[in-house]
Amino acid sequence: MPLLIRLAVRNLWRNRRRTILTFGAVALGIVYLILVDSLLRGLTQSSIDNLLDFESGDLQIHAPGYFDEREDLPLEPALPVDRLINEVRAVAGVRAAAPRLVAPARLHAGWEEFPVVLVGIEPELDSGTLRIMDYVEGRAPENGAAEAMIGASLAELLEIGTGDWVVLTTRTRDGAIQALDVRVTGLVRTPNPNVNRNHVYLPLNTLGESLAVPGEATVIVVRAGAGESLKELARRVGEHLAAAGTAADVYTWEQSNAELVALIRTETVSDGLVIAIILAISLVGIANTTLLSALERRREIGTMKALGMREGEIVGLFLLEAVATGLLAVGTGFAVGAAANAYLVAVGMDISAFFGDLDVGYPVTGVVYGVWHPQTFVLAGAAGLVTCALAAYLPARRAARQDAAATLRP
Amino acid sequence: MRRSGLQNRQALAWLSCLLVVLSGQALAAAGLTAEEIIARVDANSDVQSSHGYSTMVIRTGRRELTKEMEIWSSGDNALVSFHNPADRGTKYLKLGNELWMYFPDADDLVKISGHMLRQGFMGSDFSYEDTLENRRLTDLYEFSLLGVEECDESECYVLEATARPGVEVTYARRRMWIDRELFVPRREELYAAGGRLLKVSRVERIEEIDGRFIPTQVTMEDVLRQGSSTTLFVSDLELDVEIPDDLFSLRSLMR
């Protein structure tokens, strides 16, 4: 074994406490980096899944002119359901499609009023398209009946249970107030807090007739087959509908949810900042240890120089020690990080303990699961090693440049 | 909410409706038509401009809020300025079909539109859009005379208003009890498109001012807000007064 490596290993072993502290700090940084990255990626993935599975689907079809006004949830312009739904389902690459009639409303409870979003659905078509029906406590409303499912958080806030009657006020197409007395048949408790807090689901035909828009939908939600390019599918659906003589605009979920997409992009930048801060902390820690080590070992360095060791070799010795520490840290960080991440991927972390019902901008509630992202391991490992080497270089060079005679003088 | 209570209430409403219709058919021939009655109501309430003070008492459950305001109106425009300590300096300006609000603390001007219009005016049982309605009722509704009934110790014509086809209205149906002598609505019920009763207003005091009979105490009850009602008291009302033209402007709102 070359002399420098033997010296480096011996030095590390000789100062075991310092070695453990330094590699421990870097290993902790690597573990933290792996877990934070895994959770942030998991949060983003869950947000997208929750949005697609419970609200938007992959594509949304609106009547021309609706999209620009969609924040106000107008009833017009709307799409004719019967004519359109089969046309949409006939397009290659469309796995499922369901009509929805969406309108703003107020739910009345005692002297309180709560703003809610009324969603008219065809339960059978909807269950093949979105996943609301998998999360119903009770049952779905029946077509034509004055029945509704309401978000579980809203129900709990208002102390409403299945079997209770509630009053909803909204507007008909002509702008007149419409009041609906509906019986609650089910509570919807999904992983998407927006749905749990704001949404009330009625049968499409009940809502359509009450609002003077029978047989119409404000949106047709489309799920794409596996591996479909959404932009390409949106183009195909648009062309198919145009050929069938129906004027409609097709949007991908990213177009319809530009705010969430922007939030995810912003978060990606801030994730990078978090990672940079973790690396900076590691860097300062290692630089500090190496500097102290160099100061402590002045006489040893002087002796080595007196015995003929060159400055470059001394710097190399310090770098070797740092890289060895880094390797040890990377190995430990990988092992612990992988084990902890396996737990996060399998069991997840309940973020409601941190945020409760607080709206953090993401459509996520309850448990967030980690994800495996091999690039993070590569990045964390490389960053650990480079950080160690960089942090050691300057103090090592300073120590190596000292005058041997001066360091040995008592 | 219990269904049985609702059904009972609806059944009672239909029964009273039937009685009113039967008595109305007998009386209609002897008196005025529905359109003539509404025309008399319009004639009594047709005021070019006004200035007065008002106190609004909002009751929500056991809570009671009092708001004091000064009101100027001219044609389709109106200005409301609050004087009670909690809202002092807050102003509303109605310019035709638009409603603006000025918050003195933030020195901010907000246009009330869209969903905000459906909320209660300063938390009261009157919605912002209730205060905005400019159009004549006869342009919005078709009226039919259901009969004559005793109401608040007066004889009242009972009129039913249903929205004219193709006309956008907030309330699809209204029922009004018009004082047979004074031609002032003493009571009004506002209904949803599906027939559900939404609001009831009662005129509790009528004063004769400059030869017109003006309601000076009105209570509005939002039936869907349990235990909630708002009473508006009007005082020192002057009719057809001179009001400077520039009073109804966004600039004067922020003054």
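The residue that is surrounded by the fewest Cβ atoms within 10 Å (Cβ to Cβ), counting only those in segment A:114-137 that are within 14 Å of A:Val200 (Cα to Cα) and over 28 Å from the mean Cα position of the chain (by Cα), is A:Phe114. Among residues of segment B:225-248 that are within 14 Å of chain A (Cβ to nearest Cβ), those with a beta-carbon under 8 Å from a residue that is of a type in the set (Phe, Trp, Tyr) at least six positions away or on a different chain give the pairs B:Arg225/A:Trp111; B:Gln226/A:Trp111; B:Gly227/A:Trp111; B:Ser228/A:Trp111; B:Thr230/B:Phe126.
Here's the yes/no breakdown for (1) over 30 Å from A:Asn50 (Cβ atoms); (2) part of a loop (DSSP other than H, G, I, E, B); (3) in contact with an Asp or Glu (Cβ under 6 Å, 6 or more places away or on another chain); (4) modelled with pLDDT under 80:
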{"residue": "A:Ala353", "(1), (2), (3), (4)": "no, no, no, yes"}
{"residue": "A:Asp359", "(1), (2), (3), (4)": "no, yes, no, yes"}
{"residue": "A:Pro363", "(1), (2), (3), (4)": "no, yes, no, yes"}
{"residue": "A:Phe377", "(1), (2), (3), (4)": "no, no, no, no"}
{"residue": "A:Tyr393", "(1), (2), (3), (4)": "yes, no, no, no"}
{"residue": "A:Arg397", "(1), (2), (3), (4)": "yes, no, no, no"}
{"residue": "A:Gln402", "(1), (2), (3), (4)": "yes, yes, no, yes"}
{"residue": "A:Thr407", "(1), (2), (3), (4)": "yes, no, no, yes"}
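Report, by residue number, each residue of segment A:68-94 that is away from every other protein chain (no Cβ under 14 Å) and loosely packed, with under 15 Cβ neighbours inside 10 Å. Of everything in segment A:68-94, those that are away from every other protein chain (no Cβ under 14 Å) and loosely packed, with under 15 Cβ neighbours inside 10 Å turn out to be A:Asp68, A:Pro80, A:Asp82, A:Arg83, A:Asn86, A:Ala90, A:Ala92.
Look at segment A:163-191 and say how many of its residues are more than 14 Å from every other protein chain (Cβ to nearest Cβ), surrounded by fewer than 19 Cβ atoms within 10 Å (Cβ to Cβ) and out of contact with any helix residue (DSSP H, G or I) (no Cβ under 7 Å at 6 or more places or on another chain). Residues in segment A:163-191 being more than 14 Å from every other protein chain (Cβ to nearest Cβ), surrounded by fewer than 19 Cβ atoms within 10 Å (Cβ to Cβ) and out of contact with any helix residue (DSSP H, G or I) (no Cβ under 7 Å at 6 or more places or on another chain): 0 in total. Within segment B:221-255, restricting attention to residues that are open to solvent by 40 Å² or more (accessible area, probe 1.4 Å) and within 26 Å of B:Val110 (Cα to Cα), which residue is modelled with the lowest pLDDT? The qualifying residue modelled with the lowest pLDDT is B:Arg255.
Looking at A:Val36, A:Val26, can you tell me which residue is in a helix (DSSP H, G or I), touching a residue at least 12 places away in the same chain (Cβ under 8 Å) and open to solvent by less than 10 Å² (accessible area, probe 1.4 Å)? I'd like the intermediate steps shown before the answer.
On the way: A:Val36 fails: open to solvent by less than 10 Å² (accessible area, probe 1.4 Å).
From the options A:Val36, A:Val26, the qualifying one is A:Val26.
Filtering segment B:31-61 to residues that are β-branched (Val, Ile, Thr) and either closer than 26 Å to B:Asp76 by Cβ or open to solvent by less than 40 Å² (accessible area, probe 1.4 Å) (or both) leaves B:Ile37, B:Ile38, B:Val41, B:Val47, B:Thr55, B:Val57, B:Ile58, B:Thr60. Residue check: B:Leu198 meets all listed conditions (1) hydrophobic (A, V, I, L, M, F, W, C); (2) under 14 Å from the mean Cα position of the chain (by Cα); (3) more than 14 Å from every other protein chain (Cβ to nearest Cβ) but one, namely (3). The single residue among A:Asn143, A:Asn198, A:Asn194 that is closer than 29 Å to A:Val367 by Cβ and more than 14 Å from chain B (Cβ to nearest Cβ) turns out to be A:Asn194.
Among residues that are within 26 Å of the chain's Cα centre (by Cα) and more than 14 Å from every other protein chain (Cβ to nearest Cβ), A:Ile150 is not included. Taken over segment A:231-261, the criterion of being hydrophobic (A, V, I, L, M, F, W, C) and open to solvent by less than 50 Å² (accessible area, probe 1.4 Å) is satisfied by A:Leu233, A:Ala234, A:Val237, A:Leu241, A:Ala244, A:Ala248, A:Val250, A:Trp253, A:Leu260, A:Val261. Scanning for something surrounded by 18 or more Cβ atoms within 10 Å (Cβ to Cβ), within 17 Å of B:Val41 (Cβ to Cβ) and more than 13 Å from chain A (Cβ to nearest Cβ), does segment B:163-175 turn up at least one residue? Yes; the residues of segment B:163-175 include at least one that is surrounded by 18 or more Cβ atoms within 10 Å (Cβ to Cβ), within 17 Å of B:Val41 (Cβ to Cβ) and more than 13 Å from chain A (Cβ to nearest Cβ).
The values are calculated or read from the model by the stated rules, or taken from the named source; none is laboratory data. Predicted, not measured: the structure shown is a model, and the values here were computed from it. Positions of Cβ are generated from backbone atoms using ideal geometry, with glycine treated the same way; all protein chains shown enter the neighbour counts. For the accessible areas, the whole protein counts, side chains as well, though only heavy atoms, and no ligand, DNA or RNA atoms are used. Shrake-Rupley method; radii C 1.70, N 1.55, O 1.52, S 1.80 Å.
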